[in-house]
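Engineer: Following this message is one structure expressed as structure tokens.
The values are calculated or read from the model by the stated rules, or taken from the named source; none is laboratory data. Note that this is a predicted model, so its numbers are computed, not measured. Here the Cβ positions follow ideal geometry from the backbone for every residue, glycine too, while neighbour counts run over all protein chains shown.
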Amino acid sequence: MTRTLVRFAVLALAWAAPAWAEPPPPPTLPGGHPLAGRIWAPASSRWLSPEDVAEAARGAGIVLLGETHDNADHHALQAWVVRELAAAGRRPVVALEMVDTDRQAAIDQGVGDSAGLGAALDWEKRGWPDWALYRPIVEAALAARGEIKAANLPQDLTRRIARGEQGAETDGRFGLDQPLPAAEEKTLAADIREGHCNMLPEKAVAPMVRVQRARDAAMAEVMADQASRPETGPAVLIAGAVHARADRGVPARLHAMVPGIPMLAIAFLEVEAGKTRPAAYGEAFGTGTPPFDIVWFTGRARRDDQCALLEKHMKKKEEAGK
């Protein structure tokens, strides 16, 4: 029996297993918005229940859980999804955007101490929110005899790609030797400008587009490898929502790499004041409706003005370079 057939025999057993569901965790962020806490399927314009989400995740070989990095409710819900997979007898392999692939040894050595793993990975020193937000996700996977995998590009390779010094082999590996369709290139560049508060020098945009494409490809590479292992699964990606969008990013690469494995893209999206139509949340992604299989709306995290912080950071860099 091939690895793929073995894998789907395992999936069939999981589908047949009963679901010992727990309710999703209560929100910790302020509510009051009509969409907060609601779950929507963009393709069918249908409202879903948490049980629908758990059932869809159990039926997938790849699950992408898109987040806003500093939103505590997003991480609590991600951990809940992983626990639901465990309750159905699955062994999820959780891949983290937040960890570069050259740090896999640090994960393997520190995974027995989930409380200290963040420090071992220099988690917060590298700019990620409090490790305590992510720790329950890791613990849920390990309790199910799953695994934790690093998924992001190593920093030295990221720098080489940004400078255009990556070479033909890397270009071919990550698809950088193939130009994007013009419309997609334009949209990705606009996303990067907007994501940096339109403060980037224009010469920085093309290198950042290249890096974004490579990061998506690197994450897809890790996910495809893990999703092809019949003894574990599903492969679960924890990443920013932009990487999990079903129409491009990581899923687009995965569709080409492992076309026979069912995939589910879930986004946890923060509500916006005055925006009460779920389809309107596609605007932030340049689409008529959110580009995900499932959208779970949550409250908004309180945060400092990110554009003001970025402006201050860029001024410091400019002054340091003088």
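Engineer: Please go through the stretch 20-58 and pick out each residue that is modelled with pLDDT under 95 and surrounded by 15 or more Cβ atoms within 10 Å (Cβ to Cβ).
Structural biologist: Scanning the stretch 20-58 gives ALA21, LEU29.
Engineer: What number goes with the only condition from (1) modelled with pLDDT of 95 or more; (2) in contact with an Asp or Glu (Cβ under 9 Å, 6 or more places away or on another chain); (3) in a helix (DSSP H, G or I); (4) surrounded by 12 or more Cβ atoms within 10 Å (Cβ to Cβ) that ILE137 does not pass?
Structural biologist: (2)
Engineer: Right, next: Any residue in the stretch 152-176 that is touching a residue at least 60 places away in the same chain (Cβ under 8 Å) and farther than 16 Å from VAL205 by Cα sitting within a Cβ distance under 8 Å of a residue that is assigned to a helix (DSSP H, G or I) and charged (D, E, K, R)? List the pairs, counting only those 6 or more apart or interchain.
Structural biologist: Hits for this filter: ASN152/ARG215; LEU153/ARG215; GLY175/ARG213; GLY175/ARG253.
Engineer: Sort out which residues of the stretch 177-220 are in contact with a Lys or Arg (Cβ under 8 Å, 6 or more places away or on another chain) and of a type in the set (Asp, Glu), and write them in order of number.
Structural biologist: Matches in the stretch 177-220: GLU184, ASP216.
Engineer: With the requirement that a residue be part of a loop (DSSP other than H, G, I, E, B) and either aromatic (Phe, Trp, Tyr) or touching a Lys or Arg at 6+ places or on another chain (Cβ under 7 Å) (or both), what does the stretch 221-237 give you?
Structural biologist: Correct list: SER228, PRO230, THR232, PRO234.
Engineer: Here's something else I'd like to know. Which one is modelled with the highest pLDDT among residues in the stretch 186-200 that are of a type in the set (D, E, K, R) and either surrounded by 15 or more Cβ atoms within 10 Å (Cβ to Cβ) or closer than 14 Å to GLN306 by Cβ (or both)?
Structural biologist: Looking at the filtered set, the residue picked out is ARG193.
Engineer: Would it be correct to say that ALA280 is assigned to a helix (DSSP H, G or I), modelled with pLDDT of 95 or more and more than 30 Å from LEU35 (Cα to Cα)?
Structural biologist: Considered against the rule, which asks whether it is assigned to a helix (DSSP H, G or I), modelled with pLDDT of 95 or more and more than 30 Å from LEU35 (Cα to Cα), ALA280 comes out as no.
Engineer: While we're on this one: Residue by residue through the stretch 151-209, note down the ones that are closer than 26 Å to PHE285 by Cα, among the small types (Gly, Ala, Ser) and assigned to a loop (DSSP other than H, G, I, E, B).
Structural biologist: If the condition is that a residue be closer than 26 Å to PHE285 by Cα, among the small types (Gly, Ala, Ser) and assigned to a loop (DSSP other than H, G, I, E, B), then GLY175 is the only one that fits.
Engineer: Okay, moving on. Is it the case that the stretch 208-220 has a residue that's crowded, with 24+ Cβ neighbours inside 10 Å, touching a strand residue (DSSP E or B) at 6+ places or on another chain (Cβ under 9 Å), farther than 24 Å from LEU176 by Cα and not aromatic (Phe, Trp, Tyr)?
Structural biologist: no
Engineer: For the stretch 238-254, indicate whether the set of residues that are surrounded by fewer than 22 Cβ atoms within 10 Å (Cβ to Cβ), within 24 Å of PRO92 (Cα to Cα), among the aliphatic types (A, V, I, L, M) and in contact with a helix residue (DSSP H, G or I) (Cβ under 9 Å, 6 or more places away or on another chain) is non-empty.
Structural biologist: Yes, because at least one residue in the stretch 238-254 is surrounded by fewer than 22 Cβ atoms within 10 Å (Cβ to Cβ), within 24 Å of PRO92 (Cα to Cα), among the aliphatic types (A, V, I, L, M) and in contact with a helix residue (DSSP H, G or I) (Cβ under 9 Å, 6 or more places away or on another chain).
Engineer: So which pairs qualify, if the first residue must be in the stretch 274-297 and touching a residue at least 24 places away in the same chain (Cβ under 8 Å) and farther than 20 Å from ASP73 by Cβ, the second must be loosely packed, with under 14 Cβ neighbours inside 10 Å and not charged (D, E, K, R), the Cβ gap must be under 7 Å, and the two must be at least 6 apart or on different chains?
Structural biologist: Within 7 Å, the pairs are ALA279/GLY288; GLY282/GLY288.
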